[in-house]
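**Student:** Below: one structure in structure tokens.
The values are calculated or read from the model by the stated rules, or taken from the named source; none is laboratory data. In this text the structure is predicted, and so the values were computed from the model without any measurement. Cβ placement follows ideal geometry from the backbone for every residue including glycine, while neighbour counts extend to all protein chains displayed. In case anyone asks, the SASA skips ligands and DNA or RNA and just uses the protein heavy atoms, side chains included. Shrake-Rupley method; radii C 1.70, N 1.55, O 1.52, S 1.80 Å.
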Amino acid sequence: MAPLPNAELVQNSLQLYRYLLRCCRQLPEENIRQHYRHAVRQSFKVHADEDDPERIQQIIKRAIEDADWVMNK
């Protein structure tokens, strides 16, 4: 399953959140979709207080790479 297009356009945390939830919608089974939606929400709660722009960009890059891996799994 291919990742969603325009991942390179993700610039901030809100765009990343939307991108990841759209990826979850493409997963084949409901229980898998629920699992990854929950994981996305939990990750955003954990990193909500992050204020270093460089660290935020690292998190965004890693999250997109992880989403690509999940979608191709």
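**Student:** Pop a pseudo-label 7 angstrom from the Cα along the beta-carbon direction at both VAL46 and ARG62 and give the gap in nm to one decimal.
**Tutor:** About 0.8 nm separates the two model spin labels.
**Student:** Additional query: Of the accessible area of segment 12-73, with the probe set at 1.4 angstrom, what percent is carbon plus sulfur?
**Tutor:** Answer for segment 12-73: carbon and sulfur cover 50 percent of the accessible area.
**Student:** Could you provide, to the nearest whole Å², the per residue accessible area of the chain with probe 1.4 Å? Write out the running numbers ahead of the final one.
**Tutor:** Values: 5350 Å² over 73 residues.
Per residue, the chain has 73 Å² of solvent-accessible surface.
**Student:** Now for a separate question. Give me the extension gain from ARG37 to TYR17: residue separation times 0.36 nm, minus the current Cα-Cα distance, reported in nm with one decimal.
**Tutor:** Numbers: separation 20, 0.36 × 20 = 7.20 nm, distance 0.99 nm.
Length difference between fully extended and current span is 6.2 nm.
**Student:** Quick check: pseudo-label points 7 Å beyond the Cα along Cα→Cβ at ARG55 and MET71, how many nm apart are they?
**Tutor:** Taking the simple label geometry, ARG55 and MET71 are separated by 2.8 nm.
**Student:** After finding the eigenvalues of the alpha carbon gyration tensor for the chain, what semi-axes result from the square roots of 5 times each, listed largest first in whole Å? Numbers along the way, then the final one.
**Tutor:** Numbers: eigenvalues 86, 40, 16 Å².
Ellipsoid half-lengths, sorted descending, are 21, 14, 9 Å.
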